[in-house]
1. Let me make sure I get this right: for the chain, a, b and c are the square roots of the gyration tensor eigenvalues over alpha carbons, sorted descending. Under 1.5 in a/c it's rounded, otherwise prolate if a/b > b/c, else oblate. Which is it?
2. Pulled fully out, how much extra length does the chain show between Ala124 and Thr68, if you take 0.36 nm times their separation in residues and subtract their Cα-Cα distance?
3. Assuming R0 = 41 Å, can you tell me the calculated FRET efficiency for the pair Thr43 and Phe179, based on Cβ-Cβ distance, to the nearest 0.05?
4. How large, in percent, is the carbon and sulfur part of the accessible surface of the chain at a probe radius of 1.4 Å?
5. For the range 22-131, what's the relative contact order in percent, using C-alpha pairs closer than 8 Å and at least 6 residues apart?
6. Label-point separation (nm) for Trp110 and Phe196, each offset 7 Å from Cα along Cα-to-Cβ?
7. Under 1.5 on a/c is rounded, so check that first for the range 114-197, then, if it is not, pick prolate when a/b is larger than b/c and oblate when it is not; a ≥ b ≥ c are the square roots of the alpha carbon gyration tensor eigenvalues.
8. Using the beta-carbon distance between Val211 and Tyr22 and R0 = 30 Å, what value does 1/(1 + (r/R0)^6) give for FRET efficiency, to the nearest 0.05?
Amino acid sequence: MGDFLTGVEGGIRIDWTTMPTYNTVMAVAAGAGLILVVALGRTLLRGRRIVPDGWALAFGTLGLLLATTGLHMTLTWPLAAGGFAFDNIIFGEPSLVFGVLLLAAALYLWKRGDALAGHENPAAHVARVAEPVSVLVFGMGLASFGIAAAGWVFQLFAAPPQEPVSGAFSGYPWLEAAFISGLYALVGVGAVLFPFALRSLRSRLWTVIGVVWGLAGIVFLLFGALNYYTHIGLVVNTM
């Protein structure tokens, strides 16, 4: 999410053969994933029945997209050739973790979905199942705070002037830094609160988690879709 091609110092040409980037589809998938996690949680907490196969397909599709692209970005450091290795940490690693979590959820819903749908209290059952993995979610919440802080302090997200739309604000690097860092902070808030919310289904923390993850998911999805235009324009303008 965001423009991770920051630091283009007035350059007119970029060698895209040594600097592949595909965070567009990753941003859209991450946004959709957050939205669907909130939607499933809301459905379960309200005691409504679900169709497990549909949720398994959705989580599996998004998880595969995020896990494969995140793994490639994390292990091969494809952006390092362009001098922006921090992009792999900022987006590659969180996408990988989120993708694996979605794949795990898809496998659970596929294998145990029928039993879950017939459970007298499916929300409570899912909460107990999620307790062990909530440690990782909490850790990634702290990591999101670290990314947000780094983005703000080092102003990593400013778009180059050659990029359409976002490039119009290249003279104000703090603006996009605040925007993208704010999104990571929202994800971090929900992730850090998640283990504590599991202790009680009546906790008001669920409302907070739903709001921050839902808002971040919508913005990630829309901004990722916008980047299909802005990134294509950047490639054309710097070829």
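1. Working: a/c = 2.41, a/b = 1.96, b/c = 1.23.
Note, shape of the chain comes out prolate.
2. Working: separation 56, 0.36 × 56 = 20.16 nm, distance 3.13 nm.
Fully extending the segment from Ala124 to Thr68 adds 17.0 nm.
3. Numbers: r = 30 Å, r/R0 = 0.74.
E between Thr43 and Phe179, to the nearest 0.05, is 0.85.
4. Numbers: 8180 of 11770 Å².
Carbon plus sulfur share of accessible area: 69 percent.
5. Numbers: 117 pairs, mean separation 37.6, N = 110.
After rounding, I find 34 percent.
6. Between Trp110 and Phe196, the simple spin-label model gives 3.6 nm.
7. Working: a/c = 4.83, a/b = 2.63, b/c = 1.84.
The shape class here is prolate.
8. Numbers: r = 30 Å, r/R0 = 0.98.
For R0 = 30 Å, the calculated efficiency reads 0.50.
The values are calculated or read from the model by the stated rules, or taken from the named source; none is laboratory data. Since the structure is predicted, the reported quantities are computational estimates derived from the model, not experimental observations. Glycine gets a Cβ as well: all are built from the backbone with ideal geometry, and neighbour counts include every protein chain shown. Remember, those area values only see protein heavy atoms, side chains included, never the ligands or the DNA or RNA. Shrake-Rupley method; radii C 1.70, N 1.55, O 1.52, S 1.80 Å.
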